[in-house]
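Bear in mind that the values in this text are calculations on the coordinates, not laboratory data. None of the values given here were measured: they were computed from a predicted structure. Cβ atoms come from the backbone with ideal geometry, glycine included; neighbour counts cover every protein chain shown.
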Amino acid sequence: MAAPMLRWCCPGRRFAFARVGCGSCHRRGPPTGSTSNGKRGQSTVAQQPHITAQKPRKGEREWAAVVGLEIHAQIASNSKLFSGSQVHFAAPPNSLVSFFDASLPGTLPVLNRRCVEAAVMTGLALDCHINRKSLFDRKHYFYADLPAGYQITQQRLPIAVNGSLAYSVSVGRKPSQMVTRTVRVKQIQLEQDSGKSLHDDLRSQTLIDLNRAGIGLLEVVLEPDMSCGEEAATAVRELQLILQALGTSQANMADYEIQRQINELENGGEILNETRSFDYKLGCTVPMRDKEGKQDYRFMPEPNLPPLLLYDSGSLPPGADPQQVIDIDRLRERLPELPRVTRERLVRQYGMLPEHSCALLNEVGLLEFFQSVIKETRAEPKKVTSWVLNTFLGFLKQQNLAVSESPVTPSALAELLDLLDRKAISSSAAKQVFEELWRNEGKTPAQIVAEKKLELLQDLEALEQLCRSTLEAHPHVVMDLKRGNPRAINKLIGLVRKATLGRADPTAIKEVLERQLSS
Amino acid sequence: MVKDGCAHVKPAAATDLSVFLLVTWSLWWQTGHEDHVGPDPPRSESNCLLRVQEVSVALKQGQVTPTELCQRCLSLIKKTKFLNAYITVSEEVALKQAEEAEKRYKKGHSLGDLDGIPIAVKDNFSTSGIETTCASNMLKGYVPPYNATVVQKLLDQGALLMGKTNLDEFAMGSGSTDGIFGPVKNPWSYSKQYREKRKQNSHSENEDSNWLITGGSSGGSAAAVSAFTCFAALGSDTGGSTRNPAAHCGVVGLKPSYGLVSRHGLIPLVNSMDVPGILTRCVDDAATVLGILAGHDPKDSTTIQDPVKPFTLPSLTDVSKLCIGIPKEYLTPELSSEVHSLWSKAANLFESEGAKVIEVSLPHTSYSIVCYHVLCTSEVASNMARFDGLEYGHRCDSSVSTEAMYAATRREGFNDVVRGRILSGNFFLLKENYENYFVKAQKVRRLIANDFVNVFNSGVDVLLTPTTLSEAVPYTEFIKEDNRTRSAQDDIFTQAVNMAGLPAVSVPMALSTQGLPIGLQFIGRAFCDQQLLTVAKWFEKQVQFPVIQLQELMDDCSSVFENEKLASVSLK
């Protein structure tokens, strides 16, 4: 089995604010609001139902943000969490709906093994305690895209608890000044996604698409250990990397949300504990549905699912059918290299800067691309890093493409860097070749070099001839040089290069010129 | 997990009190209530095919064809339409199935013991292509696109689906009186046995207004089996809904162990207590049907993983190794003296045949009703949340807002009983009430379940109890109390079994002085259904419960169950 592939899904957020006295608003206040209200309280952080500004005078106080997060990551499984329906993107509406997903009476949930494995592996990667026994609960609310009238989740006893997530943030001006921070992972729970409601205001009707209904989600609850949107975004990004995301996430929404809550509090408003979703068009978060402020979810154990029991090599019942049980230790063995380890390895192995290792991991597929190039080229790792992070990534960004959509293959880049490495072409020619590669898929770098006559002049006699004629044609520059202007040599080099149509290595030209001038 | 050792009998000492009670019972036995025992059953329809096993043999020997059988049952269904046992009669489906069964028999390879045999299914089991209403406006017109696993298993055996039987709305009730299609009438209201007694007791001849209820909520299934319109029927049992009507209609009602039979496709009342029930005219038939239905279903995660082998019940000749427990808490003041005396008689019967009969205690029994009420309504509130008018079922006309649509749909779709339970259930599940009600009720449920565990650990093999407080009462009498009161009263002996997930079976024992059936209940160890049925079969053989005489009903039906061809077939 491959590592669980987790597709990104819109994160829910929890915020609490701690009022602090005068002083830095970047320091975290005491961890208020992290108490859960009673056994049945919704297991989220920042649990204060609402926080009211007591003296609603603008700017009188400074507020320190305490950010906790509830992140919902969609599990990339072939079928849904409790039904056999396929999981696909962009399928026609309501084409991936089983009888269970539509909550036809009499249907029962059947737990998807793969989703459990994904949750366990995530738990292990986040240093969580994996509960050998976890339970499923029903969370009730009426909503058009929730056909059963309840969501099956893990409220009382989730599959994994008490983990941590380390992430690096840059402090100060230089990007290389990185500090490692840690946010506690309160829990990871398995739950169902809901369907989608599409509101047709024109005809004042709501259309329901249940394709998404019942897809497995991992809800990762982060304690309010973060103090700003940037930290939260970095933590989410790190989590995203750990989950080996297939898509991307716009975790920056947190900044907007903090500002909104500060404004709200300063205006004397109340911050309701609510789930907000980020509206990309409006550029702001909007309330999703009124969560527990007024709602009582009337949690109840899900009676159709027995407790989920997990085993380790020590507790595995003898003769157990491997299809029926999940062995945590076996999953642990199959854990892939985690991003933090990968980054450390890159720094160690290739001598690259920490921020470069971060950059390589931050783009999906970029690290794999880099490693493929490294494998096939004789060029120095530093050179490869620079080409991949500057030239290659630059082209991708400019055209807003994913690594997988790149017209240049790792082999092509490797070949190009080889040409550069053995000085067959100049670096400016290499840039030109790269541009060609980007435009003309299918041609090899060697073909492009040959077609465009970009190879460096290897005929030393010819070069000497060209240098000599250049010196003869520009006596005033030579005079200038001899009078002591060191920049004049560059002009001469430029003139020779022009004469060679850019095919000569400037270093070689300089060598020849200097020899001829001194003779 | 199927436990070993179900058949082992462990000795246990009787308490002083039990000795006293036994003496009392002995006295009753000796003074005799001959009415109850009766002479050999007056099997006037001596050439009737009453049992699955009998009809199966007749089908195999070609003495009757599936189509003939099907048509007879269909005509009986029409004759007994006034019983209101069926909500939907699936005539076309049944005839087509019969035709196919007939082909198979001609080729000499039937699918199994039920091939070509008419069955009925309670209308809360999903049946593909056949309307499934739960006797509720909410699901009127709802045609499921799939078969419940138990229905599919019966069809795979070649059984003929005659139709969907009546019930209380969403199986909430104990009378089969509270569905939108009206109450089910007990076939015994029209039996010779009951009518004669009534004449003797010189009641007014206003018969039709004095018809009896079937009990419920699987009253339609019980009536269907009792009135010979099918050979077996599926009921559901959450608090006694199969056993209660079985007792009132003089048929066998089996509630299997929780987890032995798949609930997939059964429209739930209380998921943690619901079990598909089996109603038949004899214990062997119940065992046959159970053998077909039992086993793991990948679509129901609460079914046992262990494979279940088909079984035939042995004929017990010696009960001397058996230990029968008599729970003292079941001797309630509300218990009618007739049921009480029959219960005693049954205990004495076991004892006289050498079984050890001891009094046992299930100390938490009295908390059972209130505990059940909390757990049942809570799950009901949850399970009923899906009926919002969006995906299926009734939807109101209002289109003011989604919320207004929900409210109107649910008000129009559910009756008072269902709405009342939803309301209380939601109350119990509120954050501030959850610990005090739901959690507490769960704890009490555990205690009730442990009561049974303790009793069975002490060496008792099977518990013997009444099924109902009394025989069936007239409808006019029954509706004097509301559904909640009735359910609480009527489930008293049956519903603790559901809390503990145990198997239990109601076996008709004798007729009351009024000429109405009275059943007793046997409760077995979890997953020892076979052992339970073996004991029930022995008991059935001893008591020789009489066959219902529906002569007047049947007469114009041109000897529905008598066939010239069968004259030579000797039937037990």
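At-a-glance table
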| read-out | value |
| --- | --- |
| FRET efficiency for A:S469 and A:T409, using Cβ-Cβ distance with R0 set to 51 Å, rounded to 0.05 | 0.75 |
| Cβ neighbours within 10 Å from other chains - mean over B:385-394 | 6 |
| Candidates per chymotrypsin sites (Phe, Trp or Tyr not before Pro) in segment B:481-541, loop by DSSP, up to 13 other Cβ within 10 Å | none |
| Protection-proxy order for peptides A:489-500, B:394-405, B:414-425, each taking the mean of Cβ atoms within 10 Å per residue, highest first | B:414-425, A:489-500, B:394-405 |
| Efficiency of FRET between B:L331 and B:C396 - r from beta-carbon atoms, R0 51 angstrom, step 0.05 | 0.55 |
| Sparsely packed GluC sites (Glu not before Pro) within segment B:183-275, loop by DSSP, other Cβ within 10 Å at most 13 | B:E205, B:E207 |
| Net charge of Cβ neighbours under 12 Å - reference B:C134; Lys, Arg +1; Asp, Glu -1 | -2 |
| Centroid-to-centroid separation of segment B:438-481 and segment A:463-519 [C-alpha atoms, Å] | 108 |
| Alpha-carbon centroids, segment A:194-240 and segment A:352-414: separation in whole Å | 31 |
| Full-stretch length increase - A:H72, A:R113 - with 0.36 nm per residue and alpha-carbon distance subtracted | 12.9 nm |
| Global form of chain B, assessed from the alpha-carbon gyration tensor, a/c cut-off 1.5 | rounded |
| Separation of the A:R334 and B:V370 label points, Cα + 7 Å toward Cβ, nm | 5.2 |
| Per-peptide average of other Cβ atoms within 10 Å, ordering A:409-421, A:467-479 highest first | A:409-421, A:467-479 |
| Share, in percent, of DSSP beta bridges within chain B that are antiparallel, nearest 5 | 70 |
| Estimated FRET transfer efficiency (B:Q489, A:R156; beta-carbon r; R0 56 Å; 0.05) | 0.95 |
| Extension reserve of the B:E353-B:L447 stretch, reckoned as 0.36 nm per residue once the Cα distance is removed | 30.5 nm |
| Rounded if a/c under 1.5, otherwise prolate or oblate - segment A:168-234, Cα gyration tensor axes | prolate |
| Segment A:363-519 shape via C-alpha gyration tensor axes, a/c threshold 1.5 | prolate |
| Partner chain coverage, peptide B:137-146 - average Cβ within 10 angstrom | 2 |
| Sequence-distant residues sharing a close amide H with B:G519 (under 5 Å, placed H) | B:T467, B:T468, B:M509 |
| Among B:P333, B:P310, B:A294 the positive-end extreme of the charge dipole of segment B:290-337 (Cβ point charges) | B:P310 |
| Those GluC sites (Glu not before Pro) in segment B:236-342 that DSSP places in a loop and that have at most 16 other beta carbons within 10 Å | B:E334 |
